[in-house]
1. Only residues that are over 24 Å from residue 114 (Cα atoms) and either part of a strand (DSSP E or B) or free of Cβ contacts under 8 Å to residues at least 12 places away in the same chain (or both): list them for region 135-166, please.
2. Can you tell me which residue in region 247-278 is farthest from residue 201 (Cα to Cα), limited to those that are touching a residue at least 60 places away in the same chain (Cβ under 8 Å) and surrounded by fewer than 21 Cβ atoms within 10 Å (Cβ to Cβ)?
3. Within region 290-302, how many residues turn out to be exposed (fewer than 10 other Cβ atoms within 10 Å of the Cβ) and modelled with pLDDT of 95 or more?
4. Kindly indicate whether residue 304 is in contact (Cβ under 8 Å) with a residue 24 or more places away in the chain and touching a helix residue (DSSP H, G or I) at 6+ places or on another chain (Cβ under 9 Å).
5. Answer yes if at least one residue in region 325-340 is closer than 21 Å to residue 187 by Cα, in the same structural domain as residue 209 (by TED's automatic domain parsing) and touching a helix residue (DSSP H, G or I) at 6+ places or on another chain (Cβ under 8 Å), and no otherwise.
6. Go through region 196-246 residue by residue and tally those that are part of a loop (DSSP other than H, G, I, E, B) and under 19 Å from residue 180 (Cα atoms).
7. Can you find even one residue in region 349-370 that is out of contact with any strand residue (DSSP E or B) (no Cβ under 6 Å at 6 or more places or on another chain), without any contact (Cβ under 8 Å) to a residue 40 or more places away in the chain and within 20 Å of residue 258 (Cβ to Cβ)?
8. In region 247-256, which residue that is in contact with a helix residue (DSSP H, G or I) (Cβ under 9 Å, 6 or more places away or on another chain) and assigned to a loop (DSSP other than H, G, I, E, B) is farthest from residue 304 (Cα to Cα)?
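The values are calculated or read from the model by the stated rules, or taken from the named source; none is laboratory data. Only a predicted model underlies this, so the values are computations on that prediction, with no experimental measurement involved. We place every Cβ from the backbone using ideal geometry, glycine too, and count neighbours over all the protein chains shown.
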């Protein structure tokens, strides 16, 4: 995010309260300032100290505690919030909000805020499906409250059904989308195709060749594209990342599968961003059975995979084509060479040996080079920020 956003995170007394710690950690890494309000029952599940250590902010639990500063604390937090999220949201807090009850610090602050409020329910399935709870949820939706619906699954009580807290990554994505909803919609009507993540090339049924790419950069570009109004298709190799809201996602494993998926969909794209770390080579033969260890060396013959970026560049027409250059030496020279060879409009180059750049990081340090070899250098940024910088450069070409 280009500027620090303020989130107030409400944590209520459900067993899913521990997942709010993971959510907080993820949001802090994105540069979001988070203030936490816990209900008294939430403190029975997890210590406020845990949230304080991660957020570096005092956790508020007691409405009658003497304030450190001369301000009415619940009003100060209510006004500070760019967004208010309650994770998990129990039937109790949903019922209080729906009926205007403000009897603790969390419910009082929620009643006082003018920011948007996101609720992520988590409770026993019978409680969640109870007509009273469902009525309260509908009432709040009519008031403009935003919900991330719970999932079906095995609950803490042993029952199976709806009521399990949504995946933390989904809640994280929704929070980031809401915090960034004031981003200028400057890509409306544009169709954006993005590749992301690694590919895997099987050697035998249990071994393969791959690389450390996590897909974070490509996924952040997809999220940024949605925020800016584009129609986004994401073709992704294997990752542990949640599907971004609003994105059409095609999952693949191998370089051949990614090539075919790209070629099947390329005609519909106005902008193509190839952020995937595609394996250059694959084993000539995949063994049907596990290769057993022998008392001698093993040689595996590798053959070239299709060069997806090159194939697009040959017949890209009026499409805007953006590539990536992850290098360990001669960064600018290698990147410029790719621009010529692959007919690129932009290339995003980074030295993966730099601290804070490269694979498996939440940050990146990039240089963006256009087809006239103009170079723009950027200092370390979150990959979410880099994504918007890339789209800014694309927008200039448009």
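1. Once the filter is applied, which keeps residues that are over 24 Å from residue 114 (Cα atoms) and either part of a strand (DSSP E or B) or free of Cβ contacts under 8 Å to residues at least 12 places away in the same chain (or both), region 135-166 yields 151, 152, 153, 154, 158, 160, 161, 162, 163, 164.
2. The residue in question is 270.
3. Qualifying residue count, region 290-302: 1.
4. No; evaluated as a whole, the condition is false for this residue.
5. no
6. 8
7. For region 349-370, residues out of contact with any strand residue (DSSP E or B) (no Cβ under 6 Å at 6 or more places or on another chain), without any contact (Cβ under 8 Å) to a residue 40 or more places away in the chain and within 20 Å of residue 258 (Cβ to Cβ): absent.
8. Looking at residues that are in contact with a helix residue (DSSP H, G or I) (Cβ under 9 Å, 6 or more places away or on another chain) and assigned to a loop (DSSP other than H, G, I, E, B), I get 247.
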